[in-house]
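One structure below.
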Amino acid sequence: MPIADKYNPSQSEDRWYKHWESKGYFHSEPDDREAYSIVIPPPNVTGVLHMGHMLNNTIQDVLIRKAKLDGKNTCWVPGTDHASIATEAKVVKLLREQGIKKSDLSREEFLEHAFAWKEKYGGIILQQLRKLGASCDWERTSFTMDEVRSEAVIKAFVDLYNAGKLYRGKRMVNWDPEAQTVLSNEEVMHNEENGRLYHVAYQVEGSDQRITIATTRPETILGDSAVAVHPEDERYSHLKGKKVIVPIVNRAVPIIFDDYVDREFGTGALKVTPAHDTNDYEIGKRHHLETIDVFNANGTISDAGQYYVGQDRFAVRKLITKDLEASGNLVEIEDYRHSVGRSERTNAVVEPRLSLQWYVDMPGLAKPALDAVMTDDIEFFPKNQKNLYRHWMENIRDWCISRQLWWGHRIPAYFYGDGDDAEVFVATTAEEALSQAQQKLGKPELTLDDLRQDEDVLDTWFSSWLWPISVFDGWNDPETLNYYYPTSVLVTGWDIIFLWVARMAMAGMEWQKEKPFKHVYFTGMVRDKKRRKMSKSLGNSPDALKLIEDFSADGVRFGMLSCSPAGGDLLFDDKLCEQGRNFNNKLWNALRLIKGWEIDPNLEMPSANALGFEWFEQRFHQVLADIEKNFAEYRLSEALMGLYNFIWGDYCSWLLEMMKPAYGEPADPHTVQKLLDIYEQICTVLHPFMPFITEEIWHELKDRAEGEDCMTSSYPAHGTYDTKVIARFEILQSIVSKVRDVRNKQGLKMAEVLPVAVIDSEAARAVWNDDGMKALLSKLANAGQLSFVSEAPEHGIAVVHGTDKYYVVVEKEIDVEAEIAKLKEDLEYQKGFVSKIDKKLSNERFVNNAPESVVNNERKKKADGEERIKMIEEALIRLGD
């Protein structure tokens with residue numbers, strides 16, 4: 001069957017993906033082979049494929065496919081995260097559009113709507129990953145709220161509680177008024193923003209004196225319980241025992257003296273609002289101040305605020321400013337740039353709020369996970385992320401894990417009694433909690449109706465930190481877990497190093513006493529070519545599926561990886577995907593070229609061809625060694641581009657040209673078969689990066705047995721290689737290129753034979769005392785028979801390689817001026833090169849501290865450069881310059 005003129009990726013990709021999946025190539029079960037496992041960073045169930053997903057999952061697929069070709073038992077577990085805040089917000093919005101309020105539904109009714117939404121939309125991103133070629137073990141697809149994962153979450157909570165590593169406490173928390181839930185510190189994004197600093201005067205009770213304070217949040221004045229000054233601040237020492245009148249509410253509050261106050265900031269006086277500032281809360285505890293919560297959960301003013309009740313906090317900020325001005329208490333307003341904390345999910349300004357919540361004792365879990373990273377038991381790529389990790393782990397704070405939502409894992413805590421002092425019973429089931437209550441309280445008559453379960457759910461990350469354990473059902477199937485755990489590598493963004501990576505490390509050390517992954521590869525951010533982060537608001541984030549449609553999955557994978565330095569940001573340009581598509585076409589055309597040759601079965605392989613194959617084999621082993629090194633260091637972009645240059649340059653541009661039969665002549669069968677065998681190996685090596693085109697070509701190379709696929713072939717092992725053979729051919733390639741350059745500049749046709757001569761030397765004869773090398777030079781450059789000469793031949797145009805001088809003999813009038821200009825340009829370059837080497841060698845620190853081999857190499861480079869300068873100057877003299 002003839003090979004199609006053009007490669008059709010849309011047909012090929014769908015066909016081969018279905019084939020791989022039907023053959024069960026993506027699925028893994030424990031066996032005697034070495035396991036290679038990766039767990040996908042579970043995308044939000046609300047998500048659709050974006051550029052970050054494309055990069056992250058392309059890298060994971062490359063690693064999995066390479067490991068499979070290496071003979072390992074690969075398992076890439078996919079799944080999605082229930083994303084409590086984001087999903088609940090989506091469902092609430094959907095219900096609102098249907099005229100339904102969340103408050104009108106019971107918890108069970110709301111969850112029915114949420115699960116219905118999840119079933120309809122929740123698997124979209126996993127389906128989209130198939131288009132990219134992701135070879136996930138779809139039979140193991142997990143969801144953080146499915147039965148197995150939910151059971152693991154509940155057991156983990158109970159384990160920590162029973163071990164005294166999880167507790168319930170009333171503390172100041174980060175409150176998201178839009179989502180109406182608490183946030184962990186890591187879910188609050190702090191950025192410098194332009195704001196205002198309001199200077200407000202408080203009247204000292206019973207006197208004409210006023211104390212001025214400064215605040216960025218004048219609406220919190222309604223909750224003031226004191227004004228604080230430093231104990232050693234003499235400006236206020238006479239006010240001990242006095243009170244001030246809080247503006248608007250006209251409440252008399254004490255003037256207190258506390259070391260926390262900064263005497264140098266502003267007037268040295270600080271308004272104290274214990275319910276709405278973390279530091280104020282601590283001051284309030286020390287001085288037994290009243291805590292007045294003036295905000296409702298949605299950020300409106302509560303009844304305790306007395307004024308502006310029910311109005312939004314930011315609207316009140318404007319209103320209270322006017323009222324303070326009217327009352328004469330507003331001294332001044334100045335522009336002020338300060339740090340503002342916003343919710344990672346809703347972007348709402350976070351409010352500090354006093355609340356009773358559940359916490360994990362993180363300092364108690366951190367040390368084993370910190371040690372694992374600092375000793376490289378868990379190895380980071382790139383290494384510079386270790387310092388960031390260490391800083392956070394050494395300053396870690398307890399993790400607030402309760403969320404005021406319905407969508408999520410409901411906290412397995414059951415209360416007997418009312419209020420904050422109710423008895424708490426933590427158990428995996430309500431029945432277990434009831435048994436605990438009956439025994440502890442000595443009330444066997446209690447029933448389930450006497451207990452009430454905590455209304456809150458757990459932070460989404462509390463399920464995600466168990467992911468490497470729970471996806472293998474670690475609590476119920478330890479054999480499977482022990483086979484795949486620890487996983488081989490985690491591929492993720494550095495932006496969730498605290499939210500996820502560190503917590504997984506802690507969970508792994510806590511429950512498995514073992515790291516959850518051997519390596520962590522941190523990808524950079526995907527940015528546009530102007531270095532801007534991609535976002536919908538900027539309109540610079542391309543449609544991932546449209547890219548695949550336009551450039552093919554292989555083209556997009558190539559484009560993503562070709563500009564993705566290890567750990568660095570990816571500057572994306574769709575021209576890179578176009579380059580990937582062009583590479584597809586180059587690969588296809590190379591196949592068509594070989595398959596299009598007529599074959600004469602009676603011909604033997606020419607000796608020059610054998611020599612070319614010997615060079616290519618050495619070069620292939622060199623490239624394979626580089627690829628292995630780059631894979632070991634997660635330098636996948638370097639591995640791909642090295643392979644790209646090797647295939648396009650060494651195979652297509654050089655080897656095929658060496659082996660191509662003369663026009664109208666047949667090829668020998670041995671050469672053609674050797675080229676096809678090499679191409680088969682190339683397909684295997686390129687397959688992890690570009691799986692579809694390589695599978696298509698693999699099956700076009702020859703008839704295949706059932707199950708003989710590129711995806712399941714064996715990756716070629718790299719052996720030793722002869723650098724001398726490679727160096728000889730570099731000289732051949734250099735001279736061929738220089739002859740072609742002369743031909744182009746002199747306007748000579750390819751059909752015109754150009755004799756080449758080289759000044760006789762030991763080095764020149766080491767290369768050219770070989771009929772095969774001379775034959776290849778003649779074929780590739782149409783150069784005639786190379787000759788050794790003792791002096792420049794007549795009409796010879798000088799070209800230099802290393803310290804050897806060659807002449808291309810042109811039997812026509814030479815443009816002397818142009819040749820002189822070219823030589824002068826080369827002379828300037830060589831002088832600059834030698835000058836740089838000279839500076840390096842004149843640096844005593846370099847000469848004394850660098851390895852001897854490095855210094856000697858620099859000296860040799862200088863000597864070679866000086867020899868080239870001498871040759872060029874001699875050539876200029878001969879041309880009469």
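The values are calculated or read from the model by the stated rules, or taken from the named source; none is laboratory data. The model shown is predicted, which means the values in this text are computed figures rather than measured ones. Glycine gets a Cβ as well: all are built from the backbone with ideal geometry, and neighbour counts include every protein chain shown. With ligands, DNA and RNA removed, areas are computed over all heavy atoms of the protein, side chains included. Shrake-Rupley method; radii C 1.70, N 1.55, O 1.52, S 1.80 Å.
Data overview
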item: Identity of the residue in segment 330-363, outside any strand (DSSP E or B), surrounded by 15 or more Cβ atoms within 10 Å (Cβ to Cβ) and not hydroxyl-bearing (Ser, Thr, Tyr), that ends up modelled with the lowest pLDDT; result: ARG345
item: Matching residues in segment 780-815 - criterion: being assigned to a strand (DSSP E or B), touching a helix residue (DSSP H, G or I) at 6+ places or on another chain (Cβ under 9 Å) and touching a residue at least 40 places away in the same chain (Cβ under 8 Å); result: ILE797, ALA798, VAL799, VAL800, HIS801, ASP804, LYS805, TYR806, VAL808
item: Matching helices (runs of 4 or more DSSP H) fully within segment 22-129 where at least 2 residues are in contact with a strand residue (DSSP E or B) (Cβ under 9 Å, 6 or more places away or on another chain) and of a type outside the set (D, E, K, R); result: 51-69, 84-97
item: Qualifying residues in segment 735-756 (those that are open to solvent by less than 40 Å² (accessible area, probe 1.4 Å) and under 21 Å from ALA818 (Cβ atoms)) - the one nearest to the chain's Cα centre (by Cα); result: ILE735
item: Residues of segment 295-308 satisfying the condition of being out of contact with any strand residue (DSSP E or B) (no Cβ under 6 Å at 6 or more places or on another chain), in contact (Cβ under 8 Å) with a residue 40 or more places away in the chain, of a type outside the set (Gly, Ala, Ser) and assigned to a loop (DSSP other than H, G, I, E, B); result: ASN298, GLN306, TYR307
item: Test: residue in segment 522-537 that is touching a helix residue (DSSP H, G or I) at 6+ places or on another chain (Cβ under 6 Å), open to solvent by 30 Å² or more (accessible area, probe 1.4 Å), under 17 Å from ARG635 (Cα atoms) and at pLDDT below 95; result: no
item: Residue within segment 705-715 that is at pLDDT below 95, closer than 28 Å to GLU628 by Cα and not hydrophobic (A, V, I, L, M, F, W, C) present; result: yes
item: Lone qualifier among LEU571, LEU545, LEU561 - being open to solvent by 20 Å² or more (accessible area, probe 1.4 Å), closer than 26 Å to LEU490 by Cα and assigned to a helix (DSSP H, G or I); result: LEU545
item: Single match in THR144, THR181, THR212 (criterion: closer than 16 Å to SER84 by Cβ and in contact with a Gly (Cβ under 8 Å, 6 or more places away or on another chain)); result: THR144
item: So VAL158, is it modelled with pLDDT of 95 or more, touching a strand residue (DSSP E or B) at 6+ places or on another chain (Cβ under 8 Å) and within 29 Å of TRP406 (Cα to Cα); result: yes
item: Where ASN174 falls short, out of the listed (1) touching a helix residue (DSSP H, G or I) at 6+ places or on another chain (Cβ under 8 Å); (2) crowded, with 19+ Cβ neighbours inside 10 Å; (3) of a type outside the set (A, V, I, L, M, F, W, C); (4) within 24 Å of SER470 (Cβ to Cβ); result: (4)
item: Residue in segment 785-800 that is within 22 Å of ARG868 (Cβ to Cβ), open to solvent by 40 Å² or more (accessible area, probe 1.4 Å) and aliphatic (A, V, I, L, M) present; result: no
item: Subset tally (residues that are assigned to a loop (DSSP other than H, G, I, E, B) and over 19 Å from GLU510 (Cβ atoms)) for segment 452-471; result: 3
item: Residue satisfying all of: in segment 476-518; within 16 Å of the chain's Cα centre (by Cα) and open to solvent by 40 Å² or more (accessible area, probe 1.4 Å); modelled with the highest pLDDT among these; result: PHE498
item: Residue satisfying all of: in segment 436-463; surrounded by fewer than 24 Cβ atoms within 10 Å (Cβ to Cβ) and within 30 Å of GLY524 (Cα to Cα); nearest to the chain's Cα centre (by Cα) among these; result: TRP461
item: Close pairs from segment 20-46: first in contact (Cβ under 8 Å) with a residue 24 or more places away in the chain and closer than 22 Å to ILE124 by Cα, partner part of a loop (DSSP other than H, G, I, E, B) and among the small types (Gly, Ala, Ser), Cβ under 6 Å, at least 6 apart; result: PHE26/SER135; ASN44/ALA83; VAL45/ALA83; VAL45/GLY122; THR46/ALA83
item: Residue match in segment 671-682 (condition: within 29 Å of LYS518 (Cβ to Cβ) and open to solvent by 10 Å² or more (accessible area, probe 1.4 Å)); result: yes
item: Flag if LEU593 is open to solvent by 60 Å² or more (accessible area, probe 1.4 Å), part of a helix (DSSP H, G or I), hydrophobic (A, V, I, L, M, F, W, C) and under 24 Å from ILE678 (Cα atoms); result: yes
item: Filter result for ASP371 (free of Cβ contacts under 8 Å to residues at least 12 places away in the same chain, outside any strand (DSSP E or B), on the phi > 0 side of the Ramachandran plot and surrounded by fewer than 21 Cβ atoms within 10 Å (Cβ to Cβ)); result: no
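Per-residue answers, yes or no, for (1) touching a Leu at 6+ places or on another chain (Cβ under 7 Å); (2) modelled with pLDDT of 95 or more; (3) not β-branched (Val, Ile, Thr):
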position: TYR202; (1), (2), (3): no, yes, yes
position: GLY206; (1), (2), (3): no, no, yes
position: ALA214; (1), (2), (3): yes, no, yes
position: ILE221; (1), (2), (3): no, yes, no
position: SER225; (1), (2), (3): yes, yes, yes
position: GLU234; (1), (2), (3): no, no, yes
position: PRO247; (1), (2), (3): yes, yes, yes
position: PRO254; (1), (2), (3): no, yes, yes
position: ASP259; (1), (2), (3): no, no, yes
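A quick yes/no check of all residues on (1) of a type in the set (A, V, I, L, M); (2) touching a Lys or Arg at 6+ places or on another chain (Cβ under 6 Å):
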site: THR487; (1), (2): no, no
site: ILE496; (1), (2): yes, no
site: LEU499; (1), (2): yes, no
site: GLY508; (1), (2): no, yes
site: LYS513; (1), (2): no, no
site: TYR521; (1), (2): no, no
site: ARG527; (1), (2): no, yes
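The rows are residues; the columns are (1) open to solvent by 20 Å² or more (accessible area, probe 1.4 Å); (2) assigned to a helix (DSSP H, G or I).
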position: GLU614; (1), (2): yes, yes
position: HIS621; (1), (2): yes, yes
position: ALA639; (1), (2): no, yes
position: TRP654; (1), (2): yes, yes
position: GLU657; (1), (2): yes, yes
position: GLY664; (1), (2): yes, no
position: ILE693; (1), (2): no, yes
position: GLU696; (1), (2): yes, yes
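Yes/no per residue for (1) touching a Lys or Arg at 6+ places or on another chain (Cβ under 6 Å); (2) open to solvent by 40 Å² or more (accessible area, probe 1.4 Å); (3) on the phi < 0 side of the Ramachandran plot; (4) in contact (Cβ under 8 Å) with a residue 60 or more places away in the chain:
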{"residue": "HIS50", "(1), (2), (3), (4)": "no, yes, yes, yes"}
{"residue": "ASP70", "(1), (2), (3), (4)": "no, yes, yes, yes"}
{"residue": "CYS75", "(1), (2), (3), (4)": "no, no, yes, yes"}
{"residue": "ASP81", "(1), (2), (3), (4)": "no, no, yes, yes"}
{"residue": "ILE85", "(1), (2), (3), (4)": "yes, no, yes, yes"}
{"residue": "GLU108", "(1), (2), (3), (4)": "no, yes, yes, no"}
{"residue": "PHE115", "(1), (2), (3), (4)": "no, yes, yes, no"}
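Let's see how each residue does on (1) under 30 Å from LEU183 (Cα atoms); (2) surrounded by 23 or more Cβ atoms within 10 Å (Cβ to Cβ):
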{"site": "ALA226", "(1), (2)": "yes, yes"}
{"site": "GLY241", "(1), (2)": "no, no"}
{"site": "PRO254", "(1), (2)": "no, no"}
{"site": "GLY266", "(1), (2)": "no, no"}
{"site": "ALA269", "(1), (2)": "no, yes"}
{"site": "ASP277", "(1), (2)": "yes, no"}
{"site": "ASP280", "(1), (2)": "yes, yes"}
{"site": "ASN298", "(1), (2)": "yes, no"}
{"site": "ILE301", "(1), (2)": "yes, yes"}
